[in-house]
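These notes concern the structure reproduced below.
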Amino acid sequence: MTISEPVPDAVASAGDRWIEVGSSTNPEAELAVREAMAPIVERADAKLTIIFCSPAYNLAEISRLVQASIGSGEVIGCSTAGELLRNNPMTGGLLIWALGGDGFAVTTGVGLGDPATGLRDAAQTAAQCLKRLERKEHTLLFLLADGLCGDQMEVVRGAYDVSGAGVPLMGGCAGDDMALQATQQIHRGELLTHAVVAAAITSNAPMAIGIAHGWEPLSEAMLVTGSRGTTLESLDDRPALDVYFDVYEAPAEVRNDPAAFFDFAHTRPVGIARRNRIEIRYVYAADYERRNLTIFAEVPQGAMAYLMHGNSDSVLHATSEVCALAEQALGGQPARGFMLLECVARKSLLSNAGLLEESLRLPTLGPDATVGGFYTYGEIARTEGSGGLHNQTVVALAIA
Amino acid sequence: MNTAPWSLHVLSEVLGAFTFKSPTALRDVVSRVAEAVDAEITAILRHPGGFELCVGLDDQHKPMLAAAAAERLPVLSLGGALLHLYWSPLDGGDVMVVGRFREDYTLEERALLRAMGRSIQLSTQVLAALKAEQEAVRAEKEAKVLAIRESTIDALTSLPNRRYLLAHLAERLAQCSGWRDQLGLLFIDLDRFKHINDVYGHSTGDAYLQAVGEALSHFRDNDTFVARLAGDEFILIVATTDLKLLTDLAERILKHLDQPWVIGGRVLQYSASIGVALAEPGDRPQDLLDKADLAMYSIKQQGPGRYACFEPYMLDRARRKADLETEIRSALRHDEVISFFQPIISAVHGGVVGFEGLARWRHPGRGLLAPEDFLEVAEEAGLLRDLDARILRDACFRLTDWQCVQQGFSPRLSINLSAASLQDPVLIERVADTLAASGFEARNLLLEVTETSLVKDVERAQHNIVNLKKMGVKLAVDDFGTGYSSLRYLRQFPVGMLKIDRSFVSGLGQNHDDDVIVSTIISMAASLGIQVVAEGVETADQRTILCGLGCDFLQGYLLGKPLDGPMSERLFVRSDQLLLQLGKDDF
C-alpha cells in the first residue's frame with residue numbers, strides 16, 4: 001500500500017535540500033559519533049539530526065557529543081532494537097540520519113507521559129511544535145515514542161489531536177535491543193524516558209510514506225470479545241491464549257515456557273480488520289494463568305481480528321519494495337533519501353531465514369539515495385483516516 | 001475467511017468502545033468512530049455553543065465545518081480535497097459529524113453512523129453526570145488527603161507526628177515475622193532544650209526544632225522512617241537486624257547534631273542523647289518506644305551527647321522505681337513517713353540547743369529507710385513538697401510539746417527544704433499555717449537549703465525568701481563549702497546559719513586542707529555575723545578542734561544520733577544535757 005502527499009505543481013529546486021546518513025559500530029562513543037557524523041558535519045546547515053542508537057552506548061554521552069558537533073540544529077533520537085542501512089542491518093551500533101538545506105524547515109517538541117496514564121497527552125504536547133512551524137508546501141510530523149509506555153495507539157491519537165487530517169504522521173517506537181525494560185528518547189541533548197519527541201518537518205518538495213507488512217490471515221475472522229488496554233483477553237468469547245495456541249498448533253514448550261512463547265510469537269501476530277486493509281499487532285507475552293495475550297498496542301474490543309501467519313517471501317518482498325513504493329508516491333520527483341522503520345519482530349523472522357541482509361538490498365532504488373532507519377517496537381504511519389499505528393510492519397518515508 | 005459485512009465490524013468496534021468508566025471516554029469513543037470508518041474528521045457540535053469535541057480538524061478550518069453544519073452540507077472542499085460529511089443528529093439541535101476524504105459513505109455506514117449518534121447522545125449525558133460525580137469524589141478525596149496530612153504531619157517540622165509514628169510502627173511491627181525482619185528504633189532527645197526556650201525564647205526554640213527536623217530528615221531513606229514524637233523528642237525507625245548499624249547511625253546523628261548552628265542570627269550548639277532498641281517478637285509500638293526511651297534516659301543521666309542501647313536491667317530498674325513511687329505516695333497517706341530528731345549542741349556550753357528534723361520512712365516490709373533510699377524517686381515523682389511539709393508540721397508540733405515538758409526550753413528547729421519547696425508558691429502560706437497551728441515560734445525555725453537550690457533558682461525563690469525573712473524565719477545553708485560557696489548570697493539573703501559539710505569535718509586534724517577550709521568558713525561567718533554548725537562530728541578530736549576554731553554548734557553521732565520523737569524526748573529533753581535559759585544569741 002502506498003499513500004502520497006498531493007503532487008506538487010512544479011518540481012522544487014533540488015539544490016536547497018540534502019539528506020545524509022552516517023553510521024558506526026565503534027564501541028567508543030566519541031569515535032562512533034565522529035565517524036557517524038562525518039558526512040553530516042561536512043554540511044553546514046543541518047536542520048534536523050536524528051540519532052538512532054543502540055542502548056549498548058551511553059545515550060546521554062552520544063546525545064551530548066552529537067549536539068556539540070551540530071551546533072544550533074535540532075537534534076532528536078531514541079534507543080533502538082537495531083539500526084539499519086541499505087545492505088547492512090546493525091545491532092549495537094549508532095546511526096545518524098540528518099536533513100538540511102534551505103528547502104527544509106524544522107521545529108521540534110517533547111512531551112512526558114507515564115505508564116499509568118499513557119502517552120496521549122505527551123504526544124499532544126510534543127506535536128505543538130507544528131504550531132511554531134512556518135510551513136512550506138509539504139509538511140509532516142515525525143514522532144519517536146517510548147515503546148514500553150502503555151498503548152502505542154495513544155501516541156497517534158495525541159499527535160492527531162494537534163496535526164489534524166492535513167499533516168501526515170510518521171515515526172516509530174523506541175526499542176531496547178529486546179530487553180523490554182526501558183527505552184530512551186532524546187531531545188536537544190536531553191535524555192528522557194516515557195516521552196514522545198516530535199519533529200515537524202516542512203519542505204518545498206514532496207514527502208511520501210509507504211507501508212507494507214506482507215502478513216496474511218491464517219484464522220477465520222474472530223470477534224474481539226474481551227480487550228483492556230494492551231491485554232487481549234478473549235476472541236469469540238474464548239480465552240485469547242487458548243485460541244492462539246489452537247490456531248497455531250503451538251508445541252508443548254510454548255504452552256508452558258514464557259521465553260519459548262516470546263520467540264514463537266515473533267512471527268505470529270494478530271491482525272485487526274480495517275475497511276480496506278488489515279493492521280498488524282505484535283504479540284509479545286502470554287499470561288498463562290489468566291490465559292491472556294499481551295500486545296504492544298490495543299486490539300479494540302468489538303473489532304474483527306485474525307491470527308496472521310508469516311510468509312517469509314511476502315515479508316521479504318515488503319521490506320525490499322517499501323522504499324520504492326514510497327518513492328513512487330513522490331509524483332515523479334526522485335527521492336533524495338529514505339527513512340526506513342521496521343518492526344524488530346520482522347528482523348527475527350528474516351534473520352531466522354538468513355534473508356535479513358538481502359531484504360535491505362532495495363534493488364529498485366538508485367545508488368545515490370540515502371537510506372537509514374531503525375528496528376522499532378511499533379511503527380507510525382498515517383496519511384488517511386485517523387489511525388496509523390502498526391506493528392510488524394515496515395514503513396518508509398521518501399523525501400524528494 | 002470472514003464474510004461479515006464491513007458495517008458490522010464498524011458497529012461492533014465502536015459500540016465496544018463505549019464505556020462509562022471515565023469522563024474522558026467520550027474523546028476515545030469519538031476517536032474510534034473516526035478510526036473505525038477510516039474517517040479523518042469527527043466532531044460533536046452543540047447548538048448553540050459550537051464544538052464540544054473535534055478530532056482531525058485544526059482551528060483554521062473549524063469555522064468552515066461549523067458553517068456547513070447549518071445546512072448539513074454533504075461535501076466540503078478542504079485543502080483542495082473533497083471531504084464527504086455525514087451528519088448524525090443528536091438531541092436539541094446538536095449534531096455529530098463524520099468526515100472522510102476520497103470515498104463517500106455507503107448506505108450501511110450512514111445507517112450505522114446515525115445509530116451511533118444516538119448512542120453518543122446517551123453517552124454524553126451519562127458521562128456528564130459521571131464527571132460531576134467524579135469531581136465530587138475527587139474533591140472529597142483531596143479534602144481527606146488534606147485532613148489526613150494535617151492530622152498526621154507535625155506542623156512545625158513537617159515530619160510525621162506521634163499519631164502517624166505509632167500507626168506506622170504498628171504496621172511495621174505487624175509485618176515482622178521473625179528475626180529476619182527486625183526493626184530498630186532510635187529515641188533522640190535534645191539535651192537542655194528547655195534552656196534554649198528559657199534563654200532565647202520559644203521562637204528560637206521552634207526554629208531550632210525545625211533545623212533538627214530538617215537535619216534528621218536527611219537520614220531518611222527506604223529503610224529509615226523519621227518522626228517527631230513530641231517536644232524535643234524525635235524517633236528514627238530503621239529496618240535492620242544489625243545493632244551495630246544502629247549504633248553507627250546514632251553516632252553519626254550525635255556528631256551531626258552537636259555542631260554550631262546559626263538559628264535566628266545566634267550560634268547555638270546543643271547535643272542530644274539517644275536511646276537505641278531492637279524490637280523483639282510480640283513488642284507493641286509503645287513497648288519498643290519505652291525501651292528506647294529508657295535507654296535514652298539512662299544515658300542522659302550520665303551526661304549529655306551520648307547514646308545507650310537498651311538492656312533488660314533498665315526495665316527492671318524502671319519498674320522498681322515505679323513501684324517505689326507508688327509506695328511513697330501510700331506512705332505519705334498512711335503516716336509512714338515520720339520525723340527523727342538529731343540534737344544540735346552548743347560548742348561553748350555542751351548543752352542541747354536545738355534539733356534537726358529528719359525524714360525517715362517506716363516501711364512496713366523493709367523496716368526503717370533513710371532519705372537516700374527514697375528521696376531521688378520522691379523528687380522525680382514531684383513528692384518532695386509534700387514530704388517537706390509533713391516533716392515541718394510533725395517537727396513543729398513535736399518541739400512545741402517539748403517546750404511544755406521543759407518550761408523555759410526554747411529549742412531551735414532545723415528542717416531541710418528542697419528546691420521544689422523553696423519555689424513553691426504556697427510555701428509561705430504552708431509555713432505560716434504550720435507555725436500558727438503548732439504554736440512554734442518563727443524565730444526558732446531554720447529552713448535548710450542547699451547552696452545549689454539557693455543560687456540556681458534564685459529568681460523563682462526570691463519571693464519566698466523575702467517573705468520568710470518578714471516572718472522571722474531564718475535560712476540555714478546546708479553542706480556549705482561543697483557548692484558555689486558564694487559570699488554574695490550570704491549577704492543577699494537572710495542566712496542565719498552555715499552548716500559545714502561533714503566531708504570537711506571528717507578530715508580535721510588529719511588533712512591540712514580541711515583544717516584551713518573549716519577555719520576559713522568559721523572566720524568568714526563570724527565576720528558576717530552568721531553562726532556555724534559543724535555536721536558529722538564523730539570524734540572527740542574533731543570536737544576539740546572545732547571548739548578551738550570558734551565553731552558555734554556541733555552536730556554528729558558523737559553528740560547524738562537521729563532518734564524518733566519519743567526516744568529523743570527521753571534522752572535529750574528530759575535529761576541533764578538540756579541547756580536551759582539560752583541567750584538569744586546562742587542559736
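Conditions tested, residue by residue: (1) closer than 20 Å to A:Gln152 by Cβ; (2) aromatic (Phe, Trp, Tyr).
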{"position": "A:Ser24", "(1), (2)": "no, no"}
{"position": "A:Ser63", "(1), (2)": "no, no"}
{"position": "A:Gly93", "(1), (2)": "no, no"}
{"position": "A:Phe104", "(1), (2)": "no, yes"}
{"position": "A:Thr107", "(1), (2)": "no, no"}
{"position": "A:Thr117", "(1), (2)": "yes, no"}
A:Glu342 modelled with pLDDT of 85 or more, of a type in the set (Asp, Glu) and assigned to a loop (DSSP other than H, G, I, E, B): no
Residue count, region A:213-245 (criterion: of a type in the set (S, T, N, Q) and away from chain B (no Cβ under 14 Å)): 2
Among the residues listed as A:Ser203, A:Ser234, the single one being closer than 19 Å to A:Tyr284 by Cα and either of a type in the set (Ser, Thr, Tyr) or surrounded by fewer than 24 Cβ atoms within 10 Å (Cβ to Cβ) (or both): A:Ser234
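Yes/no matrix, rows are residues, columns are (1) surrounded by 24 or more Cβ atoms within 10 Å (Cβ to Cβ); (2) at pLDDT 90 or above; (3) more than 14 Å from chain B (Cβ to nearest Cβ); (4) closer than 15 Å to A:Gly109 by Cα:
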position: A:Met153; (1), (2), (3), (4): yes, no, no, no
position: A:Arg157; (1), (2), (3), (4): yes, yes, no, no
position: A:Gly171; (1), (2), (3), (4): yes, yes, yes, yes
position: A:Met178; (1), (2), (3), (4): no, no, yes, no
position: A:Gln185; (1), (2), (3), (4): yes, yes, yes, yes
Top-ranked residue in region A:349-400 [being within 14 Å of another protein chain (Cβ to nearest Cβ) and in a loop (DSSP other than H, G, I, E, B); ranked as nearest to A:Ala81 (Cα to Cα)]: A:Gly388
Qualifying positions in region A:305-337 - part of a loop (DSSP other than H, G, I, E, B) and either at pLDDT 80 or above or touching a helix residue (DSSP H, G or I) at 6+ places or on another chain (Cβ under 7 Å) (or both): A:Gly310, A:Ala329, A:Leu330, A:Gly331, A:Gly332, A:Gln333, A:Pro334, A:Ala335, A:Arg336
Among (1) of a type in the set (A, V, I, L, M); (2) in contact with a Gly (Cβ under 8 Å, 6 or more places away or on another chain); (3) part of a helix (DSSP H, G or I) - the single one B:Val238 does not satisfy: (3)
Flag for B:Gly351 being closer than 30 Å to B:Tyr297 by Cβ and at pLDDT below 90: no
Members of region B:142-167 found to be in a helix (DSSP H, G or I) and surrounded by 11 or more Cβ atoms within 10 Å (Cβ to Cβ), listed by number: B:Ile148, B:Arg149, B:Thr152, B:Arg162, B:Arg163, B:Tyr164, B:Leu165, B:Leu166, B:Ala167
Residues that are touching an Asp or Glu at 6+ places or on another chain (Cβ under 6 Å) and aliphatic (A, V, I, L, M), drawn from region B:312-346: B:Leu332
Residue match in region B:326-341 (condition: free of Cβ contacts under 8 Å to residues at least 24 places away in the same chain, under 26 Å from the mean Cα position of the chain (by Cα) and surrounded by fewer than 16 Cβ atoms within 10 Å (Cβ to Cβ)): yes
Within region A:69-140, strands (runs of 3 or more DSSP E) holding 3 or more residues that are touching a Lys or Arg at 6+ places or on another chain (Cβ under 6 Å): A:104-112
Candidate set from region B:43-71 (those that are touching a Gly at 6+ places or on another chain (Cβ under 7 Å) and facing another protein chain (nearest Cβ under 10 Å)); member that is modelled with the lowest pLDDT: B:Asp58
Count - residues of region B:411-427 that are in a helix (DSSP H, G or I) and under 20 Å from B:Thr400 (Cβ atoms): 0
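The values are calculated or read from the model by the stated rules, or taken from the named source; none is laboratory data. None of these values were measured; they are calculated from a predicted model. Ideal geometry is used to build each Cβ from the backbone, glycine not excepted, and the neighbour counts take in all protein chains shown.
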